[in-house]
Amino acid sequence: MRTAVLLFVVGLCVLNAASSLKICAFNVQSFGEAKANNKKVMGILLKILSRCDLCLIQEVRDSKGTAIQALVKDLNSRFDKSNSYSYVESERLGRKTYKEQYVYIYRSNVLTIKEHYHGCCCFAVVKDFVLIGQHTCPRNAMKEINELYTVFQGIYKKWKNDNVMILGDLNAGCSYVTSKDWRAVRLRSDPKFRWLIGDEQDTTVREKTHCAYDRIIVHGREIISSIVPGSAQPFNFKNNFHLTEEEALQVSDHFPVEVDLKPNHRYLLRNEL
């Protein structure tokens, strides 16, 4: 599985708790040099990412590592000077010739990163939860989604923390996971897991498809209570930015998914292999 992406524990501590914290996940569909060199595509990506305090980017296919650097540089220099952005990235993952990275882009003026192997401490006692990013292989979607339950159990055993957010392109819909398949998925049969992006929602750009591939799933009393009601949804950048389908597809064939956490909280996020 390509589950969780960083070789170290990442602690993100909220410095400005006056407003809600928006967490996003976006499959940018083969993001590399070609998209980074396309000014129109980059302009749309900047608008999308500037809405998020933290965004998990999937399908980063740039072996040189320059595309994400260019994206974050543009966020910092010419688009949103009121915020400062940084990022952490995984190693390149995958089998044979297919390799991709997971990248977390975040507002460094809102969140500070602490890297640890043995627990995290951030200024004071904080509420914390584990952040698990996942992009499933379509043909193995049900198996990989089901294995996320095992990942959850391993994280709980290690950290003694049951406040967990799972997010990303799970390919969790249409032909990849059918209504019959769902009965065997432990993340669905266990009522303690809340699926914030419902089966009826559409996370795809193409008009001819209607599939809830991209999801956000939470577990744990504290994180569930921190969710802003109604905030979990796909962000339809095609309609919001008045794009044609062709223009939107140049960016991605997926919409990002997002959720807001209530203000006046302090959070510590951990990301673990």
Added length on full extension, which subtracts the Cα-Cα distance from 0.36 nm per residue, THR209 to THR178: 9.7 nm
Sequence ranges 82-91, 241-250, 168-177, 135-144, ranked by mean other-Cβ count within 10 angstrom, highest first: 168-177, 135-144, 82-91, 241-250
Relative exposure of ARG186, ARG215, judged by other C-beta atoms within 10 Å (fewest first): ARG186, ARG215
Computed lengthening from ARG139 to ARG78, 0.36 nm per intervening residue step minus Cα-Cα distance: 17.9 nm
For ASN37, net neighbour charge (Lys/Arg +1, Asp/Glu -1) across residues whose Cβ lies under 13 Å away: +1
Formal net charge of residues neighbouring ASN240 (Cβ-Cβ distance under 15 Å; K, R +1; D, E -1): 0
FRET E, pair THR150, TRP195, Förster distance 30 Å, beta-carbon r, rounded to 0.05: 0.95
Net +/- balance of residues flanking LEU170 in space, Cβ distance below 10 Å, scoring K and R +1, D and E -1: -2
LYS157 paired with ALA70, simple spin-label distance in nm, labels 7 Å along Cα-to-beta-carbon: 4.4
Prolate/oblate/rounded label for region 149-273 (Cα gyration tensor, a/c 1.5): oblate
Ranked TYR149, TYR213, TYR106, criterion: other C-beta atoms within 10 Å, fewest first: TYR149, TYR106, TYR213
Out-of-range pairs (alpha-carbon distance over 18 Å; input LYS64/LYS99; LYS73/LYS99; LYS40/LYS73; LYS47/LYS99; LYS22/LYS158): LYS73/LYS99; LYS47/LYS99; LYS22/LYS158
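Since every read-out is calculated from the coordinates, none of them should be taken as a lab result. Computed from a prediction, not measured in an experiment: that's the story for all the values here. Methodologically, a virtual Cβ is constructed for each residue, glycine included, from the backbone with ideal geometry; neighbour enumeration extends over all protein chains shown.
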